[in-house]
Amino acid sequence: MRKILIIVAATLVGVVLLATIAIYWFFSGDGMRLALEQQATRWLGQPVRIQAARGQIFPRPGIGLTGVEVGEPVRLTLSNVDVSTDLRALLSRRIEDARIVISDSTIQMPLPFALPEEEASSEEAAGSSGAPGSSSGIRLVSVREISLRNVRIVSRGREIRVSADSSLNGNHLTLSRFTADSGSTSLQVQGEADLEPRVDAKLQAKANKIDVDELLALAAAFTPERRAARRGSASPSQPIKVVAQLKADTATAAGVQVTQFTTNITLDGDRIALSPLTFGLFSGSYEGSLHGRLGDSMSVTLKSRLKGLDVAQLAAFGGSPDSITGTLSGEGTFSAQGADMAAVLASANGKGSASIVDGTIKRLNLVRTVVLFFGRPAPETQEATDHFERIDTTFSLARQVFRADTFSMRSRDADLNGTVTLSLETQALDGTIDMLLSEELSAQAGTDLARFTREESKVVLPARLGGTLQQPRITINATAAIRRGIQNEIGRRLKGLFGR
């Protein structure tokens with residue numbers, strides 16, 4: 001009995017060994033490689049070349065491909081593709097419950113082919129049945145897991161490197177792990193996507209840091225170009241839609257460092273929205289939204305609300321350090337167009353309002369200017385910083401020029417009202433203002449001119465604001481002051497005359 005069991009066991013081992021050798025030989029031969037090339041070429045409508053195909057038995061039966069190239073010229077290069085599947089299905093030339101791993105590969109967008117329609121031709125159906133005389137095609141039935149390892153995707157001069165673990169159930173793709181690295185931006189993503197009738201994805205993404213300029217550029221670069229219709233189809237292809245929640249500890253936008261970046265991104269074809277959009281900026285906070293259209297030139301509409309920004313940090317970023325301090329709050333709506341975020345900001349135009357509280361304008365020397373104008377130079381008058389309680393303005397922005405249509409500054413020594421422009425490119429200031437001196441400062445001005453220019457108990461002086469943000473300059477308009485003083489004096493005397 002023991003000898004019989006040994007013989008049976010040896011026979012089974014021999015059969016399994018022979019079957020293993022047969023399977024390995026069948027799937028590793030040139031016949032299988034050529035058959036796969038022919039079927040893939042017919043399926044994609046582009047030439048497909050496979051350098052080598054090999055069979056594998058453990059841990060699961062499958063096929064390994066190396067040096068897969070698609071297109072003429074080549075736009076899809078898959079260095080290594082491993083497909084493992086159920087043994088019985090594989091023997092029937094079907095891939096079921098499969099695991100697909102693609103590694104160390106390059107994909108250049110747009111791909112030179114559109115994915116074929118689901119329906120197989122009668123010829124392919126016959127081939128997959130294994131009937132005599134049919135082709136040696138392999139039919140993909142179901143995929144349990146799809147993994148990407150160091151896959152480089154290139155589009156319109158931009159590239160990202162991705163790795164992923166996912167599963168496919170019919171037309172539903174589940175991303176359990178997806179990482180994308182473009183150099184300045186690195187994302188970790190998970191979520192789900194329906195692939196038919198169009199790609200419709202819902203994702204959650206987080207990152208240690210992102211570059212918003214690069215993110216928008218990547219979105220533009222990887223937005224598929226609109227095509228009239230698929231080959232053999234009467235209807236145009238559907239645009240991709242992606243809805244993602246994105247969070248990052250730090251981010252950069254147009255060179256500005258921000259913190260706690262949070263937004264909901266909606267990408268629908270060539271349209272993109274970041275709404276709501278919040279982050280920390282210059283020790284304050286930003287709330288708003290961005291809606292735009294992607295392409296070779298982006299068009300953007302931006303709604304912004306700022307709260308508690310450190311003006312000294314803002315001025316330093318703008319190229320005018322040590323010029324102004326205070327705390328800024330404001331809001332505005334702007335539209336712009338450009339090839340990148342820097343160009344978009346340079347072309348921005350719109351309207352808004354802003355307030356700065358409890359600050360100083362360094363080197364303005366407001367009090368000294370007034371005292372010198374009244375002919376009382378005081379050597380002890382220091383060229384110190386001028387403190388203000390608040391600045392309020394409503395402004396417009398166009399061609400990189402801020403125009404304060406209404407401008408007012410409240411301080412202990414004087415109140416200023418007028419209109420002011422600031423060139424963002426040159427930092428040049430230009431404006432006309434009225435200076436309403438405080439009662440204390442008005443009392444120190446004892447000349448006839450001061451008496452002429454009084455309105456009730458305060459002196460009002462017309463002035464001009466010039467210089468730059470770094471070196472502001474106030475010049476009192478003596479001619480206008482005299483003219484106003486004479487008019488005021490005539491008015492007072494006429495009033496006194498008729499009052500008698």
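Is there any pair linking a residue in the range 178-203 that is in contact (Cβ under 8 Å) with a residue 12 or more places away in the chain and in a loop (DSSP other than H, G, I, E, B) to one that is polar (S, T, N, Q) and surrounded by 18 or more Cβ atoms within 10 Å (Cβ to Cβ), with Cβ under 8 Å and at least six apart or on different chains, and which?
SER184/THR252
Look through the range 24-72, keep the residues that are among the hydroxyl-bearing types (Ser, Thr, Tyr) and modelled with pLDDT under 75, and return whichever of them is farthest from PRO110 (Cα to Cα). Give the steps one after another, and end with the answer.
Keep residues of the range 24-72 that are among the hydroxyl-bearing types (Ser, Thr, Tyr), which gives 24, 28, 41, 66.
Still in the list and also modelled with pLDDT under 75: 24, 28.
Numbers: TYR24: 36, SER28: 32 Å.
Looking at the filtered set, the residue picked out is TYR24.
Within the range 146-177, restricting attention to residues that are of a type outside the set (A, V, I, L, M), touching a residue at least 24 places away in the same chain (Cβ under 8 Å) and under 20 Å from ILE107 (Cβ atoms), which residue is surrounded by the fewest Cβ atoms within 10 Å (Cβ to Cβ)?
The qualifying residue surrounded by the fewest Cβ atoms within 10 Å (Cβ to Cβ) is GLY157.
Among what's in the range 250-283 and is over 25 Å from ALA312 (Cβ atoms) and of a type in the set (Gly, Ala, Ser), pick the residue that is surrounded by the most Cβ atoms within 10 Å (Cβ to Cβ). Full working, then the answer.
Of the range 250-283, the ones over 25 Å from ALA312 (Cβ atoms) are 262-276.
With of a type in the set (Gly, Ala, Ser) added as a condition, the list becomes 269, 273, 275.
Details: GLY269: 15, ALA273: 17, SER275: 13.
Looking at residues that are over 25 Å from ALA312 (Cβ atoms) and of a type in the set (Gly, Ala, Ser), I get ALA273.
Taking the range 333-347, which residues are in contact with a Ser or Thr (Cβ under 7 Å, 6 or more places away or on another chain) and assigned to a loop (DSSP other than H, G, I, E, B)?
ALA339
Can you pull out the residues in the range 406-446 that are in contact (Cβ under 8 Å) with a residue 60 or more places away in the chain and part of a strand (DSSP E or B)?
MET435, LEU437
Which one of these does LEU302 not meet: (1) under 30 Å from ALA463 (Cβ atoms); (2) surrounded by 19 or more Cβ atoms within 10 Å (Cβ to Cβ)?
All conditions pass for LEU302, except number (1).
In the list SER142, SER176, which residue meets the criterion of being outside the structural domain of ALA253 (by TED's automatic domain parsing) and more than 25 Å from the chain's Cα centre (by Cα)? It would help to see each step written out before you state the result.
Numbers: SER176 fails: more than 25 Å from the chain's Cα centre (by Cα).
Result of the check over SER142, SER176: SER142.
The values are calculated or read from the model by the stated rules, or taken from the named source; none is laboratory data. If you're wondering where the values come from, they're calculated on a predicted model, not measured in any experiment. As a convention, Cβ positions derive from the backbone with ideal geometry for all residues, glycine included, and neighbour counts pool all protein chains shown.
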